[in-house]
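Participant: Shown below is the structure under consideration.
The values are calculated or read from the model by the stated rules, or taken from the named source; none is laboratory data. None of the values given here were measured: they were computed from a predicted structure. Positions of Cβ are generated from backbone atoms using ideal geometry, with glycine treated the same way; all protein chains shown enter the neighbour counts. All accessible areas refer to the heavy atoms of the entire protein, side chains included, with ligands and DNA or RNA removed. Shrake-Rupley method; radii C 1.70, N 1.55, O 1.52, S 1.80 Å.
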Amino acid sequence: MASETRTEETTALQGAAAPTQRVFRLSPGYIWYALRRWPIIPALIMVVLVVTGVFADQLAPYDEIEQDIRFRNAPPRIFGWNSEYWENQDYSQAMFRAEESVGKNPSNRFILGADHVGRDVLSRIIHGARISLVVTSVALFSGLILGVTIGVISGYYGGVVDEILMRMVDVWYAIPFLLLAMVAVIIFEASLNLIIVLLILLAWSGYVRNLRGEVLSLKERDFVASARVTGASTFRIIFKHLLPGLINTIFVIASLRVGQLILAEASLSFLGAGIPGPTPAWGVLIAEGREYVESAWWQTVFPGTAIFLVVLAFNFLGDWVRDRLDPRLRQLD
Amino acid sequence: MRKFLIRRFFAGILSILAATAIVFGLSRAAGDPLLLYAKPGGYGVTPEQEQALKEKLRLDRPLVVQYLLWLTDLARGDFGKTLLAEQLVTRVIGEKMGATVQLGIASWLLATVMGVPLGVLSAVLRGSVWDYLGRGYALIGQSLPTFWLGLMLILIFNKQLDWLPFGTRGSTESFFFTWDNLRYFILPSFAVAWGAAAVYLRLTRSAMLEVLDSEFVKLARSKGVGQTKIIWKHAFRNALIPPLTVSTLIMAGLITGSVVVETVFSWPGLGRLAVQAVQDNDFPILTATVLFFATVFVLVNLLTDILYALIDPRIRY
């Protein structure tokens, strides 16, 4: 893809301004060029995700767990939609007046509608961002450490160790993950910790084969041999001499993995094998809204859009990182 | 080559054994299967009946013995009976397997038809609007959660427009290839194919780009071969290797990944059977489905290795 990026660059530059003129003006051409050159929109989505995840309590307009059965399946009020519905509900008018009298701003409530027990969908989506963020990042990094360790050990030591570890990976690939996860949930009961463990189990396998291959070729190189001759310990060889050469691959695989992990977490939660309610994980929101998909589409459409945008952003960034760091891994997926 | 395949074959059998052993062990740890008979609030069983049941299900033996006995039964073709309805597991699975395999094949065909031509188009017209559309689709295709896409398809095409049905798979008795039967396949197979087509598109596009840049294509061009012939005869046939080899893996993924899509569309297949078996702790069905899924996976992997060597003679194991 290297040649392709180059052609893109040149055409974009011609469209923007003459290459000699290196002034950063915000001309439409330059904006178009920058949007194609840098992952600006995905980065924005990620910033929004992180900010909403971290400041969920401050940003959410309403409590994400508090139920109010009077507002069950109440439609969204965003952009003044469904104003007829909201004006015809005496209780909602009464409640809004009551909220206003204690200094709250009721206009923020039910911007994206309410779910089947009258919880605020927007607040639940915002708190769901925090869960996605925590679950995915913990699983990603733990899985990375586990996978890299196994891959490096397998490649470096070879022989019986290698054989055992690689067969382990084969076996792991042959197990239908979703079924295993569902059985595990029945044994240990659904919880945040369990889903993290399950996602770690999903995350580690991607690194092993690639890193093993890289270590196999790296360890035959002269610099490793000379390190060994000068008396470097195995530990030192692995950390000082091998790992720096693997960082790119690790980073690329990890960045392509994030989207899959988010999707897996959502699928598990959707199947009822993930995060237990009333915790508002995005997959849980969709599973809960599934029965009302016809009468209350906002319960599934908005959380699904959130998952889609976040996964899209991570996949885009993953592609971008891969093209930058390691074009050889292009066919990895 | 032969040595490699034999090695892979035995490694595959080992994988299947280990996978079933893990699920077998876990399903025993998941709680007493006898609770199926004596659910809280049910009629209950007497202690004598309980003892008899335990002996019948071999629950009084150690776990390892249970597993080995299950294996010997398996070797004789005896998969056991389902716990509650006491039906033969082979029969139950046989009934459901058809639906899953059919859906798998339909989605695979759809994914190939969607993904491969788009990939070629995207590579040939590199940098054009088509290319950007293709690459955009490749990105979006892998970012949509299957279950959500399925729900949205149901919402739009079933609930709102009332064009397409879902919920069963039509009649199995009459002639199969009629609109009445096939229309049940459209929504679920599209939901599955959406992501798989994106994988095809990516692979075809990058393989095609690589081939179009190669020496023999340049030679063909300089000889004055027409563009159509270059694309389809010289380039496409060579670019086909990556998508073709991956297609077996995709096929396996479609079948084993049926759990989610069958739940969304209430498709009467193995995936939903397995989900039900997990919820009921009906371990004979559960282990048998895992056995089936693992076998499909291992066989397909083996097939991919063979296919690789057949298509590309440069590859020698």
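Participant: Of all the Cα-Cα pairs you can form in the protein assembly as shown, what percent are over 42 Å apart? Display every interim value, and only then the final one.
Facilitator: Details: 70162 of 210925 pairs.
In whole percent, the long-distance tail amounts to 33.
Participant: Please compute the volume of the convex hull spanned by the alpha-carbon atoms of chain A and report it per residue in Å³. Mind showing how you got there, number by number?
Facilitator: Details: hull volume 68.0 nm³, N = 333.
About 204 Å³ per residue, rounded to a whole number.
Participant: Counting only trypsin sites (Lys or Arg not before Pro) that are in a DSSP loop and have at most 15 other C-beta atoms within 10 Å, tell me the longest site-free stretch of chain A.
Facilitator: Segment A:105-220 is the longest.
Participant: For region A:236-293 and region B:241-282, what is the separation of their Cα centres, given in Å?
Facilitator: Taking the Cα centre of region B:241-282 as reference, the centre of region A:236-293 is 20 Å away.
Participant: Output needed: percent of Cα pairs per 5 Å distance bin for region B:77-131, bins running from 0 to the one holding the longest distance.
Facilitator: Pair shares across the bins are 4, 17, 13, 11, 10, 9, 8, 7, 6, 6, 5, 4, 0.
Participant: Just how many % of Cα pairs in region B:96-268 lie over 27 Å apart, if you round to the nearest whole percent?
Facilitator: Numbers: 5256 of 14878 pairs.
Cα-Cα pairs in region B:96-268 separated by more than 27 Å: 35 percent.
Participant: Provide a list, ordered by number, of residues in region B:129-149 showing at least 10 Å² less accessible area with every protein chain present than when their chain is taken on its own, using a 1.4 Å probe.
Facilitator: The answer is B:TYR132, B:ARG135, B:LEU139, B:ILE140, B:GLN142, B:SER143, B:LEU144, B:PRO145, B:PHE147, B:TRP148.
Participant: With a 1.4 Å probe on protein heavy atoms only, work out how much accessible surface A and B bury together, total over both chains, in Å² to the nearest 100. Present the calculation step by step, with values, prior to reporting the outcome.
Facilitator: On the way: alone 18080 and 17730 Å², together 31470 Å².
Separately minus together, A and B give about 4300 Å² buried.
Participant: Label points 7 Å out from Cα along the Cβ direction at B:LYS233 and B:ALA52: separation in nm?
Facilitator: Between B:LYS233 and B:ALA52, the label points sit 7.7 nm apart.
Participant: Using Stokes-Einstein with the Kirkwood hydrodynamic radius over Cα pairs, what translational diffusion coefficient do you get for region A:92-222 at 20 °C and a viscosity of 1.002 mPa s, in µm²/s rounded to a whole number? Working shown, then result.
Facilitator: On the way: Rh = 18.6 Å.
Approximately 115 µm²/s, per Stokes-Einstein.
Participant: In a GNM of chain A with a 10 Å cut-off on Cα contacts, which of A:ALA139, A:ALA273, A:ALA94 has the highest mean-square fluctuation?
Facilitator: For chain A, modelled as a Gaussian network with Cα springs under 10 Å, the answer is A:ALA94.
Participant: Considering the Cα positions of region B:229-307, please state its Rg to one decimal place and its Dmax as a whole number of Å.
Facilitator: Taking only Cα atoms of region B:229-307, I get Rg and Dmax of 17.3, 58 Å.
Participant: May I have the pair-distance distribution P(r) for region A:185-333, computed from all Cα-Cα distances with 5 Å bins from 0 and rounded to whole percent?
Facilitator: That works out to 2, 9, 14, 14, 13, 12, 11, 9, 6, 4, 3, 2, 1, 0, 0, in percent per bin.
Participant: Add -39500 (n - 2.57) for each DSSP H run of 4 or more in chain A, then divide by its residues: what number comes out at 222 nm, to the nearest 500 deg cm²/dmol?
Facilitator: Values: 15 runs with 225 residues, N = 333.
Helix contribution divided over all residues of chain A: -22000 deg cm²/dmol.
Participant: Would you work out what percent of the accessible area of the protein assembly as shown, with all protein chains in place, is carbon or sulfur (probe 1.4 Å)?
Facilitator: Numbers: 20070 of 31470 Å².
That share works out to 64 percent.
Participant: Here's something else I'd like to know. Over the whole of A:187-194, what's the average partner chain Cβ count within 10 Å per residue? Rounded to a whole number, please. Intermediate values should be presented prior to the final figure.
Facilitator: Numbers: counts 6, 2, 0, 0, 0, 0, 0, 0.
Mean partner-chain Cβ count within 10 Å for A:187-194: 1.
Participant: How charged is the neighbourhood of A:ARG236? Take every other residue with its Cβ under 15 Å from the Cβ of A:ARG236, and add Lys/Arg as +1 and Asp/Glu as -1. Don't skip to the end; give the middle numbers.
Facilitator: Details: positive: A:LYS219, A:ARG228, A:LYS240; negative: none.
With Lys, Arg at +1 and Asp, Glu at -1, the neighbours total +3.
Participant: Can you tell me how much longer the chain between B:ARG7 and B:LEU249 gets when fully stretched, taken as 0.36 nm per residue apart minus their C-alpha distance, in nm with one decimal?
Facilitator: Working: separation 242, 0.36 × 242 = 87.12 nm, distance 1.96 nm.
Fully extending the segment from B:ARG7 to B:LEU249 adds 85.2 nm.
Participant: Which three numbers, in whole Å and largest first, are the semi-axes of the equivalent ellipsoid of region A:118-187 derived from its Cα gyration tensor as √(5λ)? If you can, show how the numbers build up before the last one.
Facilitator: Values: eigenvalues 258, 58, 9 Å².
Equivalent-ellipsoid dimensions as semi-axes: 36, 17, 7 Å.
Participant: What FRET efficiency comes out for the pair B:LEU310/A:ARG167, r = Cβ-Cβ distance, R0 = 30 Å, nearest 0.05? Please report the intermediate quantities before stating the final value.
Facilitator: Details: r = 26 Å, r/R0 = 0.86.
For B:LEU310 and A:ARG167, the calculated efficiency is 0.70.
Participant: Still on this structure: For chain A, modelled as a Gaussian network with Cα springs under 10 Å, which listed residue fluctuates most, A:TRP204, A:TRP282, A:TRP172?
Facilitator: Looking only at A:TRP204, A:TRP282, A:TRP172, the largest GNM fluctuation is found for A:TRP172.
Participant: Something else: Once label points are set 7 Å from the Cα along Cα→Cβ at both B:ILE156 and B:ARG91, what is their separation, rounded to one decimal in nm?
Facilitator: It is 4.3 nm.
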